[in-house]
1. Would you mind ranking Asp103, Asp211 so that the residue whose beta carbon has the fewest other beta carbons within 10 Å leads the list?
2. What nm value, rounded to one decimal, do you get for the distance between Arg123 and Glu320 when each label is placed 7 Å out toward the C-beta?
3. Can you sort Arg149, Arg319 so the residue with the fewest Cβ neighbours within 10 Å comes first?
4. Rank-order 212-219, 94-101 by packing density, defined as the average count of other C-beta atoms within 10 Å over each peptide's residues, highest first.
5. Can you find, among Gly328, Ala348, Gly302, the residue farthest towards the positive end of the dipole of the stretch 286-390? Put +1 on the C-beta of Lys and Arg, -1 on that of Asp and Glu.
6. How would Val32, Val166, Val395 line up from fewest to most surrounding beta-carbon atoms within 10 angstrom?
7. Rounded, prolate or oblate for the stretch 114-162? Axes are the square roots of the Cα gyration tensor eigenvalues, ordered a ≥ b ≥ c, and the cut-off for rounded is a/c under 1.5.
8. What are the ³J(HN,Hα) values, in whole Hz, obtained from phi via the Karplus relation 6.51 cos²θ - 1.76 cosθ + 1.60 with θ = phi - 60°, for each residue of the stretch 174-183 in sequence order, with x given for Gly and Pro?
Amino acid sequence: MHPLDVIRTALAEIRANKLRSFFTLLGIIVSVAFLVAVVAVIQGMNAYVKENVANSLIGTNAFQVRRMPIQIGLFDDEAYRRLARRPVITRAEFEAVRADLHDAAAVALSSGFPTPLSNVQWRAREVGDVTIRGITAPYQEVQDYRVERGRPLTDLDEAQRRAVVVLGHEVADKLFEATDPIGEEVRLSGERFEVIGVIASKGRVLGQSFDAIALVPLSRYEMIYGHRSTTSISVKMSDAADVASGMSRAEEAMRLVRQLRPGQENDFSVETAEALVAFWKSLTAVLFSVIPAVVAIGVVVGGIVIMNIMLMAVTERTREIGIRKAVGARARDIERQFLAEAISLSMAGGIVGVLSGWAFATLVSVVSPLPARITWWSVALAVSLGAGVGVLFGVYPARRAARLDPITALRAE
């Protein structure tokens, strides 16, 4: 029997029993759809974190010298306590790094943790949960902030400890609406600040706004919140190719200032946006480890259902098998026929599952802040999974059909 005829006959049998075929494939459809949808959301979030969140937090062509690593959540309690004993980065260390990185586009010192979120008040209006950051002027260049109204913070503002603030777009919009905020006076943590600028909108990421921020001179920030807040040095290099060299020189400068001996472990961290991406991927890897177990359960259940349905089909079509054998069909032809039906059935379930998962992932990205990105390997894996289930669970019914005695089969009613 020609292979195309085998496939055509198998598809005809599936079409003849549409409802039974659908319920037979329900386990595979759900499992494959779950696989495609979850992988799409995770991959989409990984890409989004890499392309948007990481660069928004650290900056492009940039790195940070930090007291604590970004991946702090991965350490156990003992490791966390050890890291928490690290000294705060000082201005002297900042000056040493800046002197060693004379070719950098910008080197900045900033502070904003663990200072709590603050409310910003203007007259009778108030905006809550605003991130207050104390910065030196180059921080705005490192983070690619663009001031759309007014002016940015300057070195003079920092040197003279001026009570001035640059507001994020969202804060300014909620507080002032149609009023021009430049020159107006707002309150941060009970202190008066003059608004000198408004940052252009950077948008929202996974529901989190990057525009709910207020930037003040670091010297003024330390007058209010003290000097023990965790500071970090942010460095922007002129080109991405210079980042690795800049990180090495910054590390060397920090070790010299802190008088660390050769072989002694760093008591600071030097990290790029890739560190945040790696941290995020380590979190999603936990979810990835659960997916195979969930999909395997669904696929096994679906495979068992396919095998039972195929065994039932063998019983129902016993006479048909006897007639085929009587007119010259070989056992091998009968086995191919039933195996092709099982594979076609499971592949159809895989394809429907892929389409369902694709549609669900798209729906999730439309109605929620979670992004989704379909990957070719998840689609290929899903279709291959369907075919594999058909082969694995279709062999026994196919062989049972092939071994039927033609005389006995012809007597069946």
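1. Working: Asp103 11, Asp211 20.
The most exposed by this proxy come first: Asp103, Asp211.
2. For the pair Arg123/Glu320, the computed spacing is 8.1 nm.
3. Values: Arg149 17, Arg319 13.
Arranged by neighbour count, lowest to highest, Arg149, Arg319 become Arg319, Arg149.
4. Details: 212-219: 23.9, 94-101: 19.0.
Top of the packing list down: 212-219, 94-101.
5. Farthest towards the positive pole: Gly328.
6. Numbers: Val32 33, Val166 28, Val395 16.
The order, fewest Cβ neighbours first, is Val395, Val166, Val32.
7. It comes out prolate by the Cα gyration axes.
8. Each residue's phi maps through the Karplus curve to give 6, 6, 10, 6, 7, 7, 6, x, 5, x Hz.
Rule-based calculations on the coordinates, nothing more; no lab input. What you see is a predicted model; the values in this text were computed from it and never measured. When we count neighbours, we look across all protein chains shown, and the Cβ atoms used for this are built from the backbone with ideal geometry, even at glycine.
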